[in-house]
Amino acid sequence: MSESSTPRLPRLGVRGWLRWVWRQLTSMRVALMLLLALAIAALPGSVLPQRPQDPGEVVRYLEENPTWGEILDRLGFFDVFSSVWFSAIYLLLFISLIGCILPRTKVHFKALRMQPPKPPRRFDRFRARQKFEVAAQPQEVATVANRILGRKYRSYVVEEESAWAVSGERGYLRETGNLLFHLALLGVLVAMAASHLLTYRGQALVLEGRGFANSVVDYDTFEAGPWVDTEELSPFSFVLERFESEFTADAEARDFEATVSVTHPDGAVETQSIRVNHPMNLGGTKVFLSGNGYAPNVTVRNAEGEVAFSGSVPFLPQDEVYTSPGVIKVPDMGGEEQIGLAGSFLPTAELRTEGARSIHPQPHAPLLVLTLWAGDLGLDSGIPQNVYELDARNMVQISQDGEPMESGAVPSTITAELGEVVEMPGEYGTIEFNGVDRFVALDVRHDPAIFWVLITSLAAFLGLIGSLFTPRRRVWLRATRTDDGRTLVEVAGLTRHEDMGLEPEIMQVITELKAQLSQDRDGDEK
Amino acid sequence: MISEAIVTYSNASDMLIYGAMAAYAVALIAFSIDLARLADRSSGNNRKLAGVGQAVTWVGFLMHGVAVLLRGLAVSRVPWANMYEFAITATLIAVAVYLGLQVLRDMRVLGAPVTGIVLLILGAAVTLFYVDPRDLVPALQNYWLIIHVSIATISVGVLTVAFLISVLQLIVDKHDRVRAAEDKGAASTQGASAAATDASGAATLASDSTVSAEAVSATATTGVETISSAQAGTDAAPAKGKRTWQRILKHVGTPQQLEGAAFRLNAIGFVLWTFTLIAGAIWAEEAWGRFWGWDPKEVWTFIIWVVYAAYLHARATRGWAGARAAWFAIIGYACIIFNYTIVNVFFNSIHAYSGIG
Ligand code: HEM
């Protein structure tokens, strides 16, 4: 092949090609497709369990659907909203948006400073038009009409060859609002990204009478965005003075309130309350009441009667009547062997032949139902442990006769009512149920960008209103001298097809125009 | 702790809902016969039964309104905290929007579809979603709930009527296209040219202003639709079934008029939905300490919002304005119904406050 027969296509070059891609990307059609894609891509996020929301459910799903689950997992279907494809769609959409909005903003700024276009030569092609005659001179008609239109329209008078005309336009707010809306959406995205980078949140469980200080060590769980300096958390602290709850007779929750005394970073102390829906706000750090429960206060004594453990142990409620499983771990019984008492706390226990159960969340008849384990609790193994569960790997359950469990034996059951001292089976000693403390689960969150998320959302909302509800109209008027010395006035208008207000508006302008012209005339004649 | 007054209010409310349903059923029958008559008579201008339907709808509406009010008194709060209450309030808004529309234009052809869909939703509400009046769990005791859910309810009510108009628009549009194809050549030149000039006028508005090139062609496309509806006005000798349709459709309006009406309502509904979304995020922030968590209910709120945004875009996109855009509004409404029924009942959501199950 000779050089000359090479097709010219490659001349388009990388640049031309890029320009083509850019033009496609910023076209309305592609924006539309991307919006549709966004809606469709969000669907699996509501159908499949999502890791950030419910990791346990994801594990279950993977166990039940090993093959499909694996594939879906690889493709990011269990964390749709951070998946590559979902991110790609919205990033493309926003790139498209920038490419679409910036040029339009420039054009709009220019239009704002320019006058509306000259009146078209012929009005008969517009659907909204009116014609009438008046006695006033064409120039006067145009001047008065310009004054009337000028209240709502940007308008001006033009002297034409054989006539006087007025051109007016209103509804610039439509485009302004549209641009504001799209730019603000971009702002929402940026603010949300900032929120992701700058937010920290943690959970802490605080017992009545105990304190909490805002530092990483005081949290049970803690996560922070990449840009958070975890050494520099706002140094407030507080003590949970009191927690009160209110339930209906049939165990529906009505109200929860935690009263705390706060020590602010500057040393000031004040009392505040935290309720569901009413977080406490400490200089931008919010403390939410996310849960509550009971911590039975117990004293465990060894066979010699020496106190081996004394304190309140939180049991986590798992249903609406606060059936609360938990573990009391006693590492030092005086000998080699450690013990763990695992079971449930029942705030209002009802005893039945098949066992005890809770019937109300308030502590009307508290009961501890426990079983005894002995061995090594595994606290020194260095592996982080769940304080609410017993690590039974190096422990054995003790039977009702105080021996390690064998098949056929009855497992130990220790039930203690409030104030009771109960013997543990075998030579393990006693447990005393001294009282019931309350605890609250708190979510602490610091998000410096949330204000901007709100502001940009509201800006988008306002822009949307301006864009959708501002009528955009043009109105023209032309006054021509007729052969018999009168003035022919023609009015025409143009708007979008869904705007029904144009014709009434034209009629109103005409009525006013006629009224003013005749008034002026009367004035002249006097 | 349900006092006697509460029981009385709530019983009266339930009775009135049944009363309203009975009235809507009567109205539906009257409106349907009216439609049949429009189709039957060549004069087709005796709309006495539409008047009857309208009057009975008003009666139903008043009962319905009092029923919602009494439900609110029974629970001493706004009556839209569970699916049943949401349904009775949203349908009340839909009927109000329908009745309000009549002030602007005779839209009584919408009477049958509106009373029909309202009956359907109320029927589902009383049989499937009914719950006794009760107080709110703490997570729902927040004034953002009132704002969030009341705006959502109004939005759904408005979008319901918009949806019905979009469906009508598609029917008329389809019918016109078929007719236009049949009458090719027999078109009234006058109607067509009038529409064409208007379209070019619209193009002027777009072209020398800031609206993008696509918007120009979009408005021009709507102009083309005018042509087809103008053609539809010229009558050759259509088959009987088609003539029936045409007589009804004469009272409905052109696809553009319908498009305009549907757009106005969809735009209002979309703005309200946007507000619902923002207010919901504020509520979530106060209740759960995160303004957005991609919970199934939130995912669907987002999907609905995006679909309606796509609808508004489609209206301004070359080749998508008109009938195609209307499909987006219909899909959007289908998503709302899905969100309200399937998501509420079957999806595992922390917003699960349907009160049933
Ligand atoms: C994040 C994605 C986007 C969303 C959620 C969105 C949403 C909307 C909404 C709701 C409207 C109707 C309200 C109004 O007129 O202000 C609209 C209009 C419009 N959008 Fe977007 N948009 C997005 C991206 C884009 C992009 C990428 C483009 C450019 C290609 C674009 C161009 C337009 C235009 C030209 C209009 C005016 C339509 C008309 O005149 O009726 N938008 N958009």
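Read-outs: derived from the displayed coordinates by stated rules, not from any lab. Since we're looking at a predicted model, the values are computed, not measured. Counting neighbours? That spans all protein chains shown, and the Cβs are built from the backbone with ideal geometry, glycine included.
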Report summary line: Two pseudo-spin positions, 7 Å from Cα along C-beta at residue A:270 and at residue A:519, lie apart in nanometres by 5.8
Report task. Using R₀ = 41 Å, calculate the FRET efficiency as 1/(1 + (r/R₀)^6) where r is the Cβ-Cβ separation of residue A:249 and residue A:394; round to 0.05. Result -> 0.35
Query - Unit charges on C-beta of K, R, D, E only; dipole of chain A, Debye - result: 6280
Query raised in the report: Could you give the distance between the Cα centres of the range A:152-207 and the range A:242-262, to the whole Å?
Result: 45
Query - Simple label model, 7 Å out from Cα along Cβ direction - residue A:386 to residue A:259, nm - result: 3.5
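Quick check for me: using +1 on Lys/Arg Cβ and -1 on Asp/Glu Cβ, what's the dipole size of the protein assembly as shown about its Cα centre, in debye to the nearest 20? Walk me through the intermediate numbers first.
Details: 73 positive and 90 negative charges, 1615 e Å.
For this selection, approximately 7760 debye.
For residue A:114 and residue A:156, calculate 0.36 nm times their separation in residues minus their Cα-Cα distance, and state this gained length in nm to one decimal. Present the calculation step by step, with values, prior to reporting the outcome.
Working: separation 42, 0.36 × 42 = 15.12 nm, distance 1.15 nm.
Going from the current span to full extension adds 14.0 nm.
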Requested in this report: State whether the range A:115-219 is rounded, prolate or oblate according to the following rule on the C-alpha gyration tensor (a ≥ b ≥ c being the square roots of its eigenvalues): a/c under 1.5 gives rounded; otherwise a/b larger than b/c gives prolate, and the remaining case gives oblate.
Outcome: prolate
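What size of dipole, in debye to the nearest 20, comes out for the range A:328-406 about its Cα centre when the only charges are +1 on Lys and Arg C-beta atoms and -1 on Asp and Glu C-beta atoms? Provide the component values of the computation, followed by the final result.
Working: 4 positive and 12 negative charges, 97 e Å.
Dipole size: approximately 460 debye.
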**Report entry** Label-point gap, in nm, between residue A:451 and residue A:227 - each point 7 angstrom along Cα→Cβ
**Finding:** 1.5
Requested in this report: Quick one: compute the contact order of the range A:30-139, relative version, from alpha carbon pairs under 8 angstrom and 6+ residues apart, as a percent.
Outcome: 26
Query - Residues listed by number, the range B:82-97, amide nitrogen under 20 Å from residue B:132 label point at 7 Å toward C-beta - result: B:82-86
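Using R₀ = 45 Å, calculate the FRET efficiency as 1/(1 + (r/R₀)^6) where r is the Cβ-Cβ separation of residue B:48 and residue A:23; round to 0.05. Working shown, then result.
Values: r = 59 Å, r/R0 = 1.31.
The value I calculate is 0.15.
Sorted from fewest to most neighbouring beta carbons within 10 Å, what does the list A:306, A:64 look like? Don't skip to the answer; put the middle values down first.
Details: A:306 12, A:64 9.
By the 10 Å Cβ count, ascending: A:64, A:306.
Only Cα pairs under 8 Å and at least 6 apart count here; give the relative contact order of chain A as a rounded whole percent.
On the way: 991 pairs, mean separation 93.8, N = 526.
RCO, chain A: 18 percent.
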Report summary line: Given the candidates A:467, A:516, A:506, the one whose Cα lies deepest towards the positive end of the charge dipole of the range A:455-520, counting +1 at each Lys or Arg C-beta and -1 at each Asp or Glu C-beta, is A:467
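Restricting to Cα atoms and excluding each atom paired with itself, what does the Kirkwood estimate give for the protein assembly as shown in Å? Mind dumping the intermediate values first?
Working: mean 1/r = 0.0303 Å⁻¹.
The answer is 33.0 Å.
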Query raised in the report: Which of the helices in chain A, when you take each full DSSP H run, stretch at least 24 Å along the axis at their Cα atoms and have an average Kyte-Doolittle score of 0.0 or higher?
Result: A:84-113, A:172-198, A:450-469
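Work out the FRET efficiency for residue A:469 and residue A:65 from their Cβ-Cβ distance, taking R0 = 60 Å, and round it to the nearest 0.05. The partial results should precede the final answer.
Working: r = 49 Å, r/R0 = 0.81.
Once rounded, the FRET efficiency stands at 0.75.
Just check the range A:158-306 against the gyration tensor rule for me: Cα atoms, a ≥ b ≥ c as the square roots of the eigenvalues, rounded for a/c under 1.5, and otherwise prolate or oblate depending on whether a/b exceeds b/c.
Numbers: a/c = 3.81, a/b = 2.69, b/c = 1.42.
In terms of gyration-tensor shape, prolate.
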Query - Per-residue [θ]222 nm for chain A (sum of -39500 (n - 2.57) over DSSP H runs n ≥ 4, rounded to 500) - result: -10500 deg cm²/dmol
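Classify chain A from the C-alpha gyration tensor, please: rounded if a/c falls under 1.5, else prolate or oblate depending on whether a/b exceeds b/c.
The shape class here is prolate.
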Query raised in the report: Going by how many other beta carbons lie within 10 Å of each one, how would you line up B:88, B:146, fewest first?
Result: B:146, B:88
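For the range A:55-100, go through all pairs of different Cα atoms, get the mean of 1/r, take its inverse, and jot down that Kirkwood value in Å. Let's see the in-between values first.
Numbers: mean 1/r = 0.0833 Å⁻¹.
Hydrodynamic radius (Kirkwood, Cα only) of the range A:55-100 equals 12.0 Å.
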Requested in this report: Give the residue from B:258, B:5, A:338 lying farthest towards the positive end of the charge dipole for the protein assembly as shown; charges sit on Cβ (+1 for Lys and Arg, -1 for Asp and Glu) and the dipole is referred to the Cα centre.
Outcome: B:258
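If each residue's Cβ is checked for other Cβ atoms within 10 Å, how do B:86, A:181, B:346 rank with the fewest at the top? Kindly include the intermediate steps, with their values, before the conclusion.
On the way: B:86 24, A:181 21, B:346 11.
If I rank by nearby Cβ atoms, fewest first, I get B:346, A:181, B:86.
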Query raised in the report: Considering the dipole of chain A built from charges on the beta carbon (Lys and Arg +1, Asp and Glu -1) around the Cα centre, which of A:35, A:107, A:139 is farthest to its positive end?
Result: A:139
